[in-house]
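The values are calculated or read from the model by the stated rules, or taken from the named source; none is laboratory data. Owing to the predicted nature of the structure, the values given are computational and were not obtained by experimental measurement. Cβ: placed from backbone, ideal geometry, glycine included. Neighbour counts: every protein chain shown.
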Amino acid sequence: MPTPINLCLVGTNNFAGSHLGSIRTVEAEGLAKQVAAVIRRPEVYADQVAEFQTRGITVYNSYEEMLQAEQGRTHLVCLPASIPTHAETTIAALEAGYDVLLEKPPAPVIQQIDAMIETEQRTGHFCCVGFQNQSKCTTRALKQAIGAGKLGEIQRINVMAEWIRPDSYYERNAWAGKIMFEGKYCLDGPTCNALAHYLFNALYWADPTWGQAAIPTAVRGELYHAHPIDSVDTSAIAVQTNTGVDITYVTTLAGWTTRGPLSRIIGTKGTCDWAISGDATITYADGSQEILVDDGTREHDEVFRNCIRFMQGEAEELNCPLAMTRPYVLALNGAWESSGGPHGVPAEFVTREPKDDSIFTGLNSIPELLDEAYTTGKLFSEVGTPWAVPSEWFDVTGYHEFAMTFPGYG
């Protein structure tokens with residue numbers, strides 16, 4: 001049995017809970033041991049501090065102090081950090097001699113992920129990204145089927161999700177719903193946070209080569225908000241790729257029900273319908289079907305298992321290495337450049353009303369608009385949406401810096 005990997009969890013709030021659950025799972029399996037934690041506000045999380053200390057876990061109030069003190073003892077830093085700090089915290093850990101498991105998205109802007117990749121290469125340490133679908137059995141089986149040519153040449157991939165997020169969602173932390181936070185890019189929204197996986201999945205499947213994602217060449221973005229936020233809650237994005245696959249991604253956090261994410265992968269020999277949970281179904285041109293069975297394994301845990309086994313020499317590759325996610329950041333930035341930032345949806349097309357101790361926000365007629373866009377592979381402006389703002393294609397070849405400014409946003 002390989003020696004367990006010593007790790008540190010940075011943070012306790014929000015998605016840190018998911019990381020902690022996975023850490024307890026891999027500890028029970030003998031793969032890892034949590035030896036340290038960073039809790040910047042111990043007075044707020046006194047119960048968590050006490051629990052960690054009871055377990056013999058060293059608790060630090062300073063990330064920088066932990067990086068210095070844990071050298072030689074801790075090997076993996078788990079970062080369910082705030083989006084604006086992903087780049088700086090990852091780079092600091094890599095330069096201090098640690099490997100990193102970073103929650104998605106890897107970074108909001110292209111120059112940051114490029115700096116992170118350069119640091120990996122320079123230090124010899126790695127960062128794996130918590131795009132957990134790349135550790136999901138159906139996602140990986142579909143990638144293998146595409147690589148084997150079972151669907152023929154992939155022509156188009158459509159993605160759709162309708163989710164509900166009340167005002168309380170944007171009150172959970174200080175950067176939620178922000179374009180900028182404390183002078184740093186955030187770009188919070190479905191594409192840069194909750195539904196980021198599904199744009200990345202489309203890029204992942206758009207390249208038949210194992211371990212690679214298709215590279216965007218041009219992007220059209222339509223970004224909107226119905227909630228009273230700075231940033232985006234509704235996105236329609238079209239991507240042209242270097243593999244010739246066209247991608248359409250339409251999502252909202254101002255829905256009336258929870259549907260999806262759904263993905264449809266269309267090839268010359270067949271079509272696959274994939275959903276966030278359950279089996280994936282390939283329908284071939286002759287009408288026959290193949291089911292890619294979901295084995296029920298929790299993919300969040302698989303991210304940790306894969307990362308740790310890679311460190312132990314038991315896994316040949318990381319399921320989601322940092323460099324593979326660069327095309328996602330490129331598509332994200334291209335969408336913002338194309339849209340020119342988020343457009344507010346006029347109040348006449350939005351319903352806001354009290355619900356469950358918060359305020360519900362729903363875009364009127366969004367279920368029908370999403371269905372038509374998903375079925376046809378079109379953007380909101382192309383399916384008769386009255387509040388849509390058409391955009392132009394933005395060329396992202398050779399794109400290396402996101403430098404948009406947003407006067408009045410902090």
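Scanning segment 286-300 for residues that are part of a loop (DSSP other than H, G, I, E, B) and either touching a residue at least 24 places away in the same chain (Cβ under 8 Å) or within 20 Å of G21 (Cβ to Cβ) (or both) turns up V293, D294, D295, G296, T297, R298. The residues on offer are D207, D273, D246, D233, and the sole one that is surrounded by 23 or more Cβ atoms within 10 Å (Cβ to Cβ) and among the acidic types (D, E) is D233.
Would segment 137-156 turn up any residue that is without any contact (Cβ under 8 Å) to a residue 12 or more places away in the chain, on the phi < 0 side of the Ramachandran plot and of a type in the set (A, V, I, L, M, F, W, C)? Within segment 137-156, one or more residues are without any contact (Cβ under 8 Å) to a residue 12 or more places away in the chain, on the phi < 0 side of the Ramachandran plot and of a type in the set (A, V, I, L, M, F, W, C). Which residues, taken from segment 201-225, are under 18 Å from the mean Cα position of the chain (by Cα) and hydroxyl-bearing (S, T, Y)? Listed by number, the list holds a single entry, Y204. Among the numbered conditions (1) assigned by TED's automatic domain parsing to the domain that holds P216; (2) more than 24 Å from R259 (Cβ to Cβ), the only one that P386 does not meet is (2).
Given the options F394, F349, name the one that is surrounded by 14 or more Cβ atoms within 10 Å (Cβ to Cβ) and in contact with an Asp or Glu (Cβ under 9 Å, 6 or more places away or on another chain). Just a single option satisfies the conditions, and that option is F394. Does segment 195-217 contain any residue that is part of a loop (DSSP other than H, G, I, E, B), assigned by TED's automatic domain parsing to the domain that holds G260 and within 30 Å of T361 (Cα to Cα)? Looking through segment 195-217, at least one residue is part of a loop (DSSP other than H, G, I, E, B), assigned by TED's automatic domain parsing to the domain that holds G260 and within 30 Å of T361 (Cα to Cα). Among the residues of segment 140-147, is any part of a loop (DSSP other than H, G, I, E, B), among the aliphatic types (A, V, I, L, M) and closer than 17 Å to L203 by Cα? No - not one qualifying residue is present in segment 140-147. Taking the criterion of being part of a strand (DSSP E or B) and crowded, with 23+ Cβ neighbours inside 10 Å, the residues of segment 249-260 that qualify are Y249, V250, T251, T252, A254, G255.
When we screen S338, S263 for residues that are more than 20 Å from the chain's Cα centre (by Cα), crowded, with 19+ Cβ neighbours inside 10 Å and either more than 14 Å from L151 (Cα to Cα) or of a type in the set (D, E, K, R) (or both), the only hit is S338. Against the condition under 18 Å from the mean Cα position of the chain (by Cα) and over 20 Å from R309 (Cβ atoms), how does I57 come out, does it pass? Judged against the criteria, I57 is not a match.
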